[in-house]
Structures are given as structure tokens and as C-alpha cells.
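A.B. asks: Mind looking over this structure? Questions follow.
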Amino acid sequence: MTRPTWDEYFMNIVHQLKKRSTCTRRQFGAIVVNSKKEIISTGFNGVVRGAEHCEDIGCIKDDMGVESGMGHGICPAVHAEQNALIQAGKDAEGATLYLNGFPCKICARLIVNSGIKQLIMSGEYSDEEGLKILTGANIELIHLDYNNGASG
């Protein structure tokens, strides 16, 4: 058995976190990690506290025929990155964010303003505008191939 790299270790946790998501379309997990390799905060996507979960009542975007990556204002969910950044607060300054997809443009703006310096992603997302925002802000972007608990 090979010991995972730090990036593989944190990405494995991200992929466990996404299992807590209540979104019927796509499950995301996120972790904010400081330079000492300590987890500052975690997040997954789902509706605001106290609201009925989409997995229980259905997806409004599906009902309205809204494409993936569109209609962020319609969806009642808080994104995984948003939840992780809210919990991290000012501790996100200079940290690394791990995410199992590309951030949307709204989350990209929050990532920039939070002070995150590096984003390590796996997977993809239909809305790639967020990547342009992050690149323009000199956020280091790293994409890991992630396949059933192993990256390579």
C-alpha cells in the first residue's frame, strides 16, 4: 500500500464530504487547508439551514429546465466552497482550497476575496468562467486526476 500525497489525502476527504450533499444534480465537497497542512474548514453543497432538502422535495432547476451551471440565483443551495469559506473566515488568507470540480464564477469571486492562494481541483464543471477569474487574480490552479480514491 502506498501512502497518499497530501493532495491525494485532502482530495479523498473532499470526495467523502460530497456524500453529505443533498443536491440531486451534483455533489460537491470543499476543504480549506493552511500551510501547516491543517484542515481549517470543510463544506458541501446543500440548501440553507432549516430549509427542506432538494433530495426530499425535488430540484427547482430540474422543474424549470435550467441547464447545469446556470441559474445560480434560482437554486436555493449554498455551494461547498461558500460553506467552507464562511467557516474559515479570515483563516482562509494564504490557504489552499480543495474542490471536486471547477468553481462557478460567483464562488471564484469569493475565493479571490477570501485570500485563498491555491486551488486544487478534480473533475470539471460546465461553467468555466470561474477559472478565468481565478487565473486573472493569480490564484495557482492545479487539476488532479481523481479516480476512486486514487489520483495520478
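A.B. asks: Report the per residue volume, in Å³, of the convex hull enclosing the C-alpha atoms of the stretch 1-65.
C.D. replies: Taking only Cα atoms, the stretch 1-65 has a hull volume of 117 Å³ per residue.
A.B. asks: A further question follows. Kirkwood hydrodynamic radius, the stretch 84-145, all distinct C-alpha pairs: what's the number in Å? Before the final figure, lay out the partial values.
C.D. replies: Numbers: mean 1/r = 0.0881 Å⁻¹.
Mean inverse Cα-Cα distance, inverted, gives 11.4 Å.
A.B. asks: What residues have an amide H closer than 5 Å to that of residue 101, excluding those fewer than 5 places away on the same chain, when H is modeled at 1.01 Å from N in the peptide plane?
C.D. replies: It is 122, by chain and number.
A.B. asks: Enumerate the whole-percent occupancy of each 5 Å bin, from 0 to the last occupied one, for all C-alpha pair distances of the chain.
C.D. replies: With a bin width of 5 Å, the distribution comes to 2, 10, 20, 23, 21, 14, 8, 3, 1, 0.
A.B. asks: Give the residues of the stretch 57-83 whose amide nitrogen is closer than 12 Å to a point set 7 Å from the Cα of residue 129 in the direction of its Cβ.
C.D. replies: Label zone hits: 69-73.
A.B. asks: Turning to a different aspect of this structure: Amide H to amide H under 5 Å from residue 41: which residues, 5+ apart in sequence or cross-chain, H placed 1.01 Å off N in plane?
C.D. replies: Correct list: 32.
A.B. asks: Carbon-plus-sulfur fraction of the accessible area of the chain, 1.4 Å probe, in percent?
C.D. replies: Solvent-exposed carbon and sulfur of the chain make up 49 percent of the total.
A.B. asks: Can you tell me the accessible area per residue over the chain, all protein chains present, probe 1.4 angstrom, in square angstrom?
C.D. replies: In whole numbers, the chain has 57 Å² accessible per residue.
The values are calculated or read from the model by the stated rules, or taken from the named source; none is laboratory data. Bear in mind the structure is a predicted one, so any value in this text is a computation, not a measurement. Here Cβ is always computed from backbone atoms with ideal geometry, including for glycine, and neighbour counts include all displayed protein chains. Protein only, heavy atoms only, side chains kept; ligands, DNA and RNA dropped before computing areas. Shrake-Rupley method; radii C 1.70, N 1.55, O 1.52, S 1.80 Å.
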